[in-house]
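Q: I'd like to ask you about the structure that follows.
The values are calculated or read from the model by the stated rules, or taken from the named source; none is laboratory data. This structure is a prediction, so every number in the text was calculated from the model and none was measured. Using ideal geometry, Cβ is built from the backbone for each residue, glycine included, and neighbour counts are taken over all protein chains shown. Just so you know, the surface numbers come from the protein's heavy atoms only, side chains and all, with ligands and any DNA or RNA stripped out. Shrake-Rupley method; radii C 1.70, N 1.55, O 1.52, S 1.80 Å.
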Amino acid sequence: MTHSNPSTSSSSATPQPCVILAIESSCDETAAAVVRDGREVLSNVIATQFELHEEYGGVVPEIASRAHIERIYPVVKEALSEAGITNPANELDAVAVGHRPGLIGSLLVGVAAAKTLAWAWGKPIIGIDHVKAHLYAACLNDEPPAYPALGLIVSGGHTSLCAIANESTMHPIGRTIDDAVGEAYDKAAMMLGLGFPGGKRVDDRAHLGNEKAYDLPISRLSPDSLDFSFSGLKTALLYTVRGQPTGRGKERTFAKDFEDWNEEGINDLCASFQRAAIGAIMLKLERAYQYLCDSKAGNVEPPRSLIIGGGVSANSKLRTEVAAFAQAHELQLHLPSLEYCLDNAAMLAGMAASRFHQRDFDDLSLSPQPAGSLS
Ligand code: KG4
Ligand code: ZN
């Protein structure tokens, strides 16, 4: 539910300055940040939980929510202190929170904390969609993009393409039909004995290997599909690493495992996996660009910018390839700086500024939602 707060409404054409505290707790990072006027990051504090989930090879929801409860207060306190905020009730204008999508128990902690602080300080509360905020991350400390834009979200939970008409209007034109690309990276890392979360480790090892060593498949789907699929690549990697299985289901056994590979072999597998995973993303990015340039598909104007966000936007090969893509198509490229690629609260606080200026607030009935608007 959204509502305007008449006591803070303004008729001035120039947006009044705003300082917003945001809280992020959708998955396994507890984060808080303070951002001025949507772009100037005054603080950006992130407490990761990797060490708590590593032995399980993935995020355990109960462990994540318990850790959020323990960390949320110190993280918010540090974000305020780093931003030089000593009296939040006087110095802050609003409290924002990522309220969807995510793990319900994790979201509950952040939403409850944000509502409590907003109520105690007498500030409006603004619920933000975490996945949309990933696309805002590139705008922090940068000029606003030219619209319309083509958006690409590549994270641990999402892989989507979006048509973006303006800062607040976007609609999905493609999404993954199985795993997200970050999830595929994490599973590849587990198969290769590189631990969790493995995206960066696979990326680092890929630099040392030969990407043509193994011919892993680049998923295309049907000729005009803008959707992604990474399950075939994952299975192809599994069979390359461990050999063809014998037996089925629980009886399935493999002839070998990652321990049977030397360092050079693991590097080659990482490089070959990365070539196929990023190759699939670039293929769909080109298709999406052509689709948005096609007036017969109802598009009025071709995209002027390419906006990218999500944890996998930190990937070195993706960053190089999208830079060349943007240059070839004369698109403005908006790629988050490395500190804002992974989950953070600065992107939420930044995105909340336009909602603040429109007086588009939520109220204390704001509740967490496991699914997002781009899911
Ligand atoms: O956006 P994010 O922090 O969380 C979600 O909203 O899902 O993304 C986390 C994902 C993880 O799957 C992680 O392995 C992946 O981003 N990641 C990378 C790299 N750095 C992080 N994947 C590939 N290359 C990287 N350099
Ligand atoms: Zn995320």
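Q: Identify, by number, the condition in (1) among the hydroxyl-bearing types (Ser, Thr, Tyr); (2) over 21 Å from LEU283 (Cα atoms); (3) not in a helix (DSSP H, G or I) that TYR239 doesn't meet.
A: (3)
Q: Pairs under 7 Å by beta carbon, first residue touching a residue at least 24 places away in the same chain (Cβ under 8 Å) and closer than 19 Å to ASP343 by Cβ in segment 196-220, partner within 16 Å of ligand 2 (Cβ to nearest atom) and open to solvent by 80 Å² or more (accessible area, probe 1.4 Å), six or more apart or different chains?
A: none
Q: When you go through (1) of a type outside the set (S, T, N, Q); (2) within 16 Å of ligand 1 (Cβ to nearest atom); (3) assigned to a helix (DSSP H, G or I) one by one for ILE128, which number turns out not to apply?
A: Against the list (1) of a type outside the set (S, T, N, Q); (2) within 16 Å of ligand 1 (Cβ to nearest atom); (3) assigned to a helix (DSSP H, G or I), ILE128 comes up short only on (3).
Q: Still on this structure, I have one more. How many residues are modelled with pLDDT under 95 and touching a Cys at 6+ places or on another chain (Cβ under 6 Å) if we restrict to segment 148-171?
A: Summing the residues that are modelled with pLDDT under 95 and touching a Cys at 6+ places or on another chain (Cβ under 6 Å) in segment 148-171 gives 1.
Q: Tally time: how many residues in segment 205-245 are of a type in the set (Asp, Glu), out of contact with any Gly (no Cβ under 8 Å at 6 or more places or on another chain) and either modelled with pLDDT of 95 or more or within 16 Å of ligand 2 (Cβ to nearest atom) (or both)?
A: Adding up the residues that qualify gives 2.
Q: Another question, then. When you go through (1) closer than 14 Å to LEU348 by Cβ; (2) part of a helix (DSSP H, G or I); (3) away from ligand 1 (no atom under 16 Å from the Cβ) one by one for LYS115, which number turns out not to apply?
A: Among (1) closer than 14 Å to LEU348 by Cβ; (2) part of a helix (DSSP H, G or I); (3) away from ligand 1 (no atom under 16 Å from the Cβ), LYS115 violates only (1).
Q: Is it the case that ASP362 is surrounded by 17 or more Cβ atoms within 10 Å (Cβ to Cβ), more than 13 Å from the chain's Cα centre (by Cα) and farther than 30 Å from ARG205 by Cα?
A: Judged against the criteria, ASP362 is a match.
Q: Right, next: Can you go through ALA64, ALA89, ALA79 and tell me which one is within 24 Å of TRP119 (Cβ to Cβ) and surrounded by 15 or more Cβ atoms within 10 Å (Cβ to Cβ)?
A: Testing whether each residue is within 24 Å of TRP119 (Cβ to Cβ) and surrounded by 15 or more Cβ atoms within 10 Å (Cβ to Cβ) leaves just ALA79.
Q: Of the residues that make up segment 181-189, is at least one β-branched (Val, Ile, Thr) and in contact with a helix residue (DSSP H, G or I) (Cβ under 6 Å, 6 or more places away or on another chain)?
A: yes
Q: If I filter segment 227-242 down to residues being out of contact with any Ser or Thr (no Cβ under 9 Å at 6 or more places or on another chain), open to solvent by 20 Å² or more (accessible area, probe 1.4 Å) and not hydroxyl-bearing (Ser, Thr, Tyr), which single residue comes out as farthest from GLY174 (Cα to Cα)?
A: ARG242
Q: Of all the residues that make up segment 144-190, how many are within 24 Å of GLY350 (Cα to Cα), within 16 Å of ligand 2 (Cβ to nearest atom) and among the β-branched types (Val, Ile, Thr)?
A: Of the residues in that region, 3 qualify.
Q: Next question. Suppose we filter segment 146-187 for residues that are within 15 Å of ligand 1 (Cβ to nearest atom), outside any strand (DSSP E or B) and in contact with a Lys or Arg (Cβ under 7 Å, 6 or more places away or on another chain); how many remain?
A: Count: 3.
Q: Between residues in segment 336-356 that are of a type in the set (Ser, Thr, Tyr) and residues that are assigned to a helix (DSSP H, G or I), which pairs lie under 7 Å by C-beta distance while being six or more apart or on different chains?
A: TYR340/ALA137; TYR340/ALA346; TYR340/MET347
Q: Taking segment 294-315 as the region of interest, how many residues are in a helix (DSSP H, G or I) and closer than 19 Å to HIS334 by Cα?
A: Total satisfying the criteria: 4.
Q: Here's a check for you: in segment 292-324, which residue that is away from ligand 1 (no atom under 16 Å from the Cβ) and surrounded by 19 or more Cβ atoms within 10 Å (Cβ to Cβ) is farthest from ASP142 (Cα to Cα)?
A: If we take residues in segment 292-324 being away from ligand 1 (no atom under 16 Å from the Cβ) and surrounded by 19 or more Cβ atoms within 10 Å (Cβ to Cβ), then LEU292 is farthest from ASP142 (Cα to Cα).
Q: Report the residue count in segment 191-204 for those that are at pLDDT 95 or above, more than 12 Å from PHE273 (Cβ to Cβ) and more than 16 Å from ligand 2 (Cβ to nearest atom).
A: So the answer is 2.
Q: Under 7 Å between Cβ atoms, which residue pairs at least 6 apart in sequence (or on different chains) link something in segment 316-334 that is part of a loop (DSSP other than H, G, I, E, B) with a partner that is at pLDDT 95 or above and away from ligand 1 (no atom under 16 Å from the Cβ)?
A: HIS329/TYR289; LEU331/PRO303; LEU331/ARG304; LEU331/SER305; LEU331/LEU306
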